[in-house]
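Quick notes on the structure that follows.
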Amino acid sequence: MITKVVFGTPFRTDAITAEVPQAEMLQHFQVNAEGAQTLFTYPLQHRDIVYGLSETMGRVNKRGGRYISFNTDTADHTDSNPSLYASHNLLIVDGGEHFGIFFDTPAKVTFEIDYRNSGLIRVLCESGDLNVYQIEGSSSYEIARELNRAIGRCYIPPLWAFGFGQSRFGYKCEQDFRDVVEGYQKAGIPLDWICMDIDYMDRFIDFSVDKQRFPDLAAFVQEMAEENIRLVPIVDAGIKVEPGNPTYEAGIRRDAFCRNKEGGYFRAGVWPGMTHFPDFLNPDARAWFGEEYAFYTEKGIEGFWNDMNEPAIFYSEYAKGPRKLNFYLDMIFGKFRKKKKERDLIRDYKSFFHQADGKTYRHYDVHNIFGALMTRASSEGLEKLLPHRFLLFSRSSYIGAGRYGGVWTGDNSSCWEHLMLNLRHMPSLNMCGFLYSGADTGGFMGDTTRELLLRWLAVSAFTPLMRNHTGCFTRQQECYQFDGTEEFKSIVSLRYRLLPYLYSEYMKAALTGDLFIKPLAFLFPEDEKVRDIEDQLIVGEGIMMTPIVTEGATTRSVYLPQDMTMVKYDGKTFTSTPAQKGTVTIEAALGEAVFFILDGKRVPVGPAITNTSQIDWEHLELLGNGGEYALYADDGLTREYSLDNLRILR
Ligand code: GLC
């Protein structure tokens, strides 16, 4: 049951598409208006778990932390950082009472969840205009599903987007991409797509290609297609201010850019230098921006990642001096510079304006919806431009954007803590309607190690978005750059052998408003022992993943809430062994993976392949001890999705 409480005149975020009746505020919430702000307080009980706030630091259980929804371009993924790239203002309280609550406002919101042992949830919204959605249900799982259904059907990528993707900030010319394809092919490691980071562009200008380094992009896309590889270019939010730049000129003609306080167009410095931001809040500007993707689709491109859409600003017409480029100074001068940077950014965010519903909005007041509306603009444009599905994922997001595309979790680092963070983000993102999601596998900042990358791949093998991506000053991070490529082949091939299951489960979840990845506690709510487990996750309806995420370890202990089938994959064979409820120790050397199949469930796996084009849906082996499996299979490309495509395997 979902109801909403309306405060003031809320901005229409379109986060929820279902018709929702209005109601009173849940009993135990206290609401105080504090000037223009609104404060919600709720007394927590001792054993309550609080889920939600998916793209934040900390644990899956958000108790003990302070988090701020204010979308930020930040590589500082440490627990003291309250804001990352997205705002997902959902809390699910699980314990004495059971309910979900979604604070639907694009303004800044501060959450303190039993912070400094206050025993309270305190939610301070920097706006008096918002919808508060309350979701009641018999369990946290039911509440999360209810929310997913109310958001509306989540984004469905093509089958190839479930294949493995390789990326790097720094592939500069056609040959760099050919080298990647060759490297993977020689090592026999599967691959489906390669990202083109900003280096493909002419001076980092969106909707442009450097003609010297990519003389004929359409022909190059075709050349890659012959190897069954898709190219996936990046698109940034800012449009380079430059007469002669067709996108800039079209944006001016269509009056599609954000205005500054003097009434001109706001100018912000990002990768290409001074840019204007498309006014994604304005439906006409969104329609125009979506049309611009024809630049790529005409060249045969079917996949995109949208970036810098918090929006990131390095410097502006009001705050001079490059920000991001001074990253190292930030590290030296620490907090002082960071505070100044934040102040400058807030000044910028208060200095530009949007037009929507016949009104003018100050950016700062609607900040958190900007990236989500960029995703919406591209997604709606691509739906018109392409006859079939496309890959689309974004850095910034807000609840509801999961209908239009996926997300990746931004500039993490090559460290074991961030591998664990990846695991923690996955179930929470699913609760908020972002099923197609994943992290930069191997880590973006800093040099990865062979061991970390192998263990990370064994986690990403289960996440819908599986992409190895790294920054421009890091070591080569492609799987074939390391000694002993057999072990990389083993883990990536595990992903491809599991694809029939992963795709089928994703489609079933998407079409029924279910979650794809969930915490153990969602399935076993009666079992006290699973309440704190965050390094074992349920993937689809049948798999419990149990990755090794500790440096130097080849064993780990796993808690089984019921009898299950243990499956070990060594690169060639799946070996199944019955495992009994309770705690067991598993062993997985590098290049091996161990996971479990829930009692009564089956998992279809295919033979080893090196590309999604080779999936053979007719010859699947069923793992697990259950009876049958309902397989969802379709052509993986058209938009003719339907549960009629289910068929029973025995
Ligand atoms: C941002 C993105 C990163 C990308 C880089 C260059 O930092 O998060 O993934 O590689 O910009 O485009």
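Within segment 305-358, the residues that satisfy the criterion of being within 16 Å of the ligand (Cβ to nearest atom), at pLDDT below 85 and in a loop (DSSP other than H, G, I, E, B) are P322, R323. Of all residue pairs spaced 6 or more apart or on separate chains, those with beta-carbon atoms under 7 Å, a first member in segment 296-315 that is at positive phi and a second member that is within 15 Å of the ligand (Cβ to nearest atom) and of a type in the set (D, E, K, R) are M308/D73; M308/D236. With (1) surrounded by fewer than 24 Cβ atoms within 10 Å (Cβ to Cβ); (2) part of a loop (DSSP other than H, G, I, E, B) as the list, and Y141 as the residue in question, which single condition is left unmet? Just one mismatch for Y141, condition (2). Across segment 179-209, the qualifying residues are those that are within 13 Å of the ligand (Cβ to nearest atom) and in a helix (DSSP H, G or I), and the one among them that is surrounded by the most Cβ atoms within 10 Å (Cβ to Cβ) is Y200. Of all the numbered requirements in (1) under 21 Å from the mean Cα position of the chain (by Cα); (2) in a strand (DSSP E or B), V5 misses one, and that requirement is (1).
Sort through A256, A219, A237, A268 and tell me the only one that's surrounded by fewer than 23 Cβ atoms within 10 Å (Cβ to Cβ) and either more than 15 Å from the ligand (Cβ to nearest atom) or modelled with pLDDT of 95 or more (or both). Spell out how you get there, then give the answer.
Details: A256 fails: surrounded by fewer than 23 Cβ atoms within 10 Å (Cβ to Cβ); A237 fails: surrounded by fewer than 23 Cβ atoms within 10 Å (Cβ to Cβ); A268 fails: surrounded by fewer than 23 Cβ atoms within 10 Å (Cβ to Cβ).
From the options A256, A219, A237, A268, the qualifying one is A219.
Of all residues in segment 393-410, those satisfying the criterion of being crowded, with 24+ Cβ neighbours inside 10 Å, within 13 Å of the ligand (Cβ to nearest atom) and in a loop (DSSP other than H, G, I, E, B) are R395, S396, T409.
Only one of these is in contact (Cβ under 8 Å) with a residue 24 or more places away in the chain and more than 25 Å from Q166 (Cβ to Cβ): G244, G238. Name it. Before you say what the answer is, go through the steps one by one.
Values: G244 fails: in contact (Cβ under 8 Å) with a residue 24 or more places away in the chain.
Exactly one residue qualifies, and that residue is G238.
For segment 179-200, give me the residue count where each residue is among the aliphatic types (A, V, I, L, M) and over 24 Å from the mean Cα position of the chain (by Cα).
Count: 4.
Taking the residues in segment 454-508 that are of a type in the set (K, R) and either part of a helix (DSSP H, G or I) or within 21 Å of D616 (Cα to Cα) (or both) as candidates, determine which candidate is farthest from the ligand (Cβ to nearest atom). My answer is K508.
With respect to (1) in a helix (DSSP H, G or I); (2) more than 16 Å from the ligand (Cβ to nearest atom); (3) not β-branched (V, I, T), the lone exception for H425 is condition (2).
When segment 360-377 is limited to residues that are more than 16 Å from the ligand (Cβ to nearest atom) and under 17 Å from the mean Cα position of the chain (by Cα), the one that is farthest from E126 (Cα to Cα) turns out to be R376. The condition (being out of contact with any Cys (no Cβ under 8 Å at 6 or more places or on another chain) and more than 21 Å from M1 (Cα to Cα)) is satisfied by just one residue among I113, I135, I92, I101: I113.
Taking every residue in segment 200-219 that is free of Cβ contacts under 8 Å to residues at least 12 places away in the same chain and pairing it with any residue that is aromatic (F, W, Y) and surrounded by 14 or more Cβ atoms within 10 Å (Cβ to Cβ), at least 6 positions away or on another chain, the pairs with Cβ-Cβ distances below 9 Å are V209/Y200; V209/F295; D210/Y200.
Applying the set (1) crowded, with 19+ Cβ neighbours inside 10 Å; (2) within 16 Å of the ligand (Cβ to nearest atom); (3) more than 26 Å from the chain's Cα centre (by Cα) to D176 leaves exactly one unmet item: (1).
The values are calculated or read from the model by the stated rules, or taken from the named source; none is laboratory data. What you are looking at is a predicted structure, and each value in this text was computed from that prediction instead of being measured. All Cβ positions, even for glycine, are placed from backbone atoms using ideal geometry, and neighbour counts span all protein chains on display.
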